[in-house]
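**Student:** If you scroll down you'll find the structure; I have some questions about it.
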Amino acid sequence: MDNFLRFSHVSFFRNGNCILDDISFSVPKAESLVILGRNGAGKTTLINLLFGYLWPTTGSVFVLNEEYGTTALKPIQTKIGIVQPAHQEQLLQKSLTVEEMILTGFYATLGLYNDPTDDDRKKAKERLSLLNLTHKAKQTYSTLSSGEKSKVLLLRALGNGKEILILDEPAAALDVTARFELNESISKIKKENPDLTRILITHRLEEIPKDFSSVLLLKEGKILSYGKKEDVLTAEHLSELYDLNLDVAVNNGQYSTSFK
Ligand SMILES: Nc1ncnc2c1ncn2[C@@H]1O[C@H](COP(=O)(O)OP(=O)(O)OP(=O)(O)O)[C@@H](O)[C@H]1O
């Protein structure tokens, strides 16, 4: 059994309500997975379990070949990066420069409390060059456009040697151009880090980058479907997921939905 990232019969209850119900799935190393589900389906809860922020009521969670509950959490958590613009926008220290924001990813902190080494500063600059943001290094993060911010959050999430990257609605506030650019950036980062395992949570089918190959549909705390993108993203499955009569189109590897 592949324990790189595995949920085994995980259920999670809160206040007597079943929020996740007997969830079992396994994501191999270097896979790129999309999680789709309506508001309240349990996506955030699932991610919190993956991070070890929440504990399953029953079942087991394996991350990086370790089972939560039998090993120290911190060494695993430091290998997982997350982009969560809606949440991070409130938490991060916005007076930091772009370069400093990247450095907070190296130290896994919200603000910059360490005195960065010259080596770390050099690495942060290299990171920025990956997405052509070198010229923004000294600009204050809060003055960036939303599209630029999302790219900086992406680079920040990569930290220093992350193995799993979680993208939680990374493009929610972006216009079409910025969304396209962010998708390109997400793919570029994967090309530079082929072993990186990516998990994308999105509400828009149109936002799924072409190089994501598997999809998990979550409905009311249960897995509705999980497997290869082309097998899961069917009109039948998506109509059931959203309780609507939907059509699915695929154009050059890009998926979209419309009402029947
Ligand atoms: N601490 C809690 N106490 C009670 N109910 C909770 C708690 N946390 C989450 N829930 C409930 O669990 C369900 C799943 O919530 P969750 O945030 O995981 O959904 P989601 O799929 O991420 O939704 P969204 O797409 O809106 O972010 C919701 O009905 C929510 O109200």
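Where a number appears in this text, it was derived from the coordinates with a stated rule and is not lab data. As the structure is a prediction and not an experimental result, all values here were calculated from the model. Glycine also receives a Cβ, built like all others from the backbone with ideal geometry; neighbour counts cover every protein chain displayed.
**Student:** Cβ under 14 Å from E67's Cβ, E67 left aside: what net charge do those residues give with Lys, Arg +1 and Asp, Glu -1?
**Tutor:** Numbers: positive: R6; negative: D2, E66.
After counting each charged neighbour, the total is -1.
**Student:** Kindly put F212, F51 in sequence by how many other C-beta atoms sit within 10 Å of each C-beta, fewest to most.
**Tutor:** Details: F212 22, F51 18.
With the fewest neighbours first, F212, F51 line up as F51, F212.
**Student:** Please say if region 88-131 is rounded, prolate or oblate, where rounded means a/c under 1.5 for a ≥ b ≥ c the square roots of the C-alpha gyration tensor eigenvalues, and otherwise the choice is prolate for a/b larger than b/c and oblate otherwise?
**Tutor:** Numbers: a/c = 2.23, a/b = 1.38, b/c = 1.61.
Note, shape of region 88-131 comes out oblate.
**Student:** Can you say what percent of the DSSP beta bridges in region 111-260, counting only those with both residues inside, are antiparallel? Round to 5.
**Tutor:** Beta bridges within region 111-260, antiparallel portion: roughly 70 percent.
**Student:** Rg/Rh for region 73-154 to two decimals, with Rh computed the Kirkwood way over all alpha-carbon pairs.
**Tutor:** Working: Rg = 12.2 Å, Rh = 13.0 Å.
Across region 73-154, the Cα-based Rg/Rh ratio is 0.94.
**Student:** Rank these for me by crowding, L103, L96, going from fewest to most other beta carbons within 10 Å.
**Tutor:** Details: L103 24, L96 19.
So the ranking, lowest neighbour count to highest, is L96, L103.
**Student:** For region 64-120, would you read off the P(r) tail past 18 Å as a percentage of all alpha carbon pairs? Intermediate results must be reported in sequence, preceding the final value.
**Tutor:** Details: 715 of 1596 pairs.
In whole percent, the share of Cα-Cα pairs in region 64-120 beyond 18 Å is 45.
**Student:** Moving on to the next point. Assuming a ≥ b ≥ c are the square roots of the Cα gyration tensor eigenvalues, decide whether region 125-173 counts as rounded (a/c under 1.5), prolate (otherwise, with a/b larger than b/c) or oblate. Mind dumping the intermediate values first?
**Tutor:** Numbers: a/c = 2.32, a/b = 1.15, b/c = 2.01.
It comes out oblate by the Cα gyration axes.
**Student:** Determine the percent antiparallel among the DSSP beta bridges restricted to the chain, to the nearest 5. Intermediate results must be reported in sequence, preceding the final value.
**Tutor:** Details: 26 of 43 bridges.
Bridges in the chain that DSSP calls antiparallel: roughly 60 percent.
**Student:** Let me ask something else. If you wrap a convex hull around the Cα atoms of region 173-217, how much volume per residue is inside, in Å³? Don't skip to the answer; put the middle values down first.
**Tutor:** On the way: hull volume 3.6 nm³, N = 45.
Roughly 80 Å³ of hull volume per residue.
**Student:** So for Y226, Y242, fewest C-beta neighbours within 10 Å to most, what's the order? If you can, show how the numbers build up before the last one.
**Tutor:** On the way: Y226 19, Y242 16.
Ordered from fewest to most neighbouring Cβ atoms within 10 Å, Y226, Y242 come out as Y242, Y226.
**Student:** A follow-up question, please. Once the other residues with Cβ under 11 Å from the Cβ of S214 are scored (Lys, Arg +1; Asp, Glu -1), what is the net sum?
**Tutor:** Details: positive: R198, K228, K229; negative: E31, E230, D231.
Taking every Cβ under 11 Å from that of S214, the sum is 0.
**Student:** Over all pairs of distinct alpha carbons, what does the Kirkwood formula give as the hydrodynamic radius of the chain, in Å? Can you show the working numbers first?
**Tutor:** Details: mean 1/r = 0.0523 Å⁻¹.
About 19.1 Å for the chain.
**Student:** Apply the Kirkwood formula to region 1-42: the hydrodynamic radius equals the inverse of the mean of 1/r over all pairs of different alpha-carbon atoms; give it in Å with one decimal. It would help to have the intermediate numbers written out before the result.
**Tutor:** Values: mean 1/r = 0.0839 Å⁻¹.
One over the average 1/r among Cα pairs gives 11.9 Å for region 1-42.
**Student:** Do the sum for the chain: with -39,500 (n - 2.57) for every DSSP H run of n ≥ 4, divided by all residues, what is the mean residue ellipticity at 222 nm, to the nearest 500 deg cm²/dmol?
**Tutor:** Details: 9 runs with 85 residues, N = 260.
The per-residue figure over the chain is -9500 deg cm²/dmol.
**Student:** Tell me the net charge near I201. Cut-off is 14 Å between Cβ atoms, I201 excluded, with +1 for each Lys or Arg and -1 for each Asp or Glu. Present the calculation step by step, with values, prior to reporting the outcome.
**Tutor:** Working: positive: R38, K43, R198, R204; negative: D168, E169, E207.
Local net charge: +1.
**Student:** May I ask which of K94/K162; K125/K149; K74/K228 have a Cα-Cα span longer than 27 Å here?
**Tutor:** K74/K228
**Student:** Is the shape of region 112-260 rounded, prolate or oblate, going by the alpha carbon gyration tensor and its root eigenvalues a ≥ b ≥ c, with a/c under 1.5 for rounded and a/b larger than b/c for prolate? It would help to have the intermediate numbers written out before the result.
**Tutor:** Numbers: a/c = 2.51, a/b = 2.08, b/c = 1.21.
Since a/c reaches 1.5 and a/b is larger than b/c, the shape of region 112-260 is classed as prolate.
**Student:** Using the alpha-carbon centroid of each, what span in Å lies between region 1-70 and region 111-178?
**Tutor:** Between the Cα centres of region 1-70 and region 111-178 lies a distance of 27 Å.
**Student:** Please give the peptides 78-85, 37-44 ranked by average Cβ packing (other Cβ atoms within 10 Å per residue), highest first, as a rough proxy for protection.
**Tutor:** Output ranking for 78-85, 37-44: 78-85, 37-44.
**Student:** Can you tell me what share of the DSSP beta bridges in region 166-254 is antiparallel? A percent to the nearest 5 is fine. Can you show the working numbers first?
**Tutor:** On the way: 7 of 10 bridges.
Here the antiparallel bridges make up roughly 70 percent for region 166-254.
**Student:** Just the projected area, averaged over all directions, of the convex hull on the alpha carbon atoms of region 1-151: how many nm²?
**Tutor:** Values: hull surface 43.8 nm².
Its Cα hull, projected and averaged over all orientations, spans 10.9 nm².
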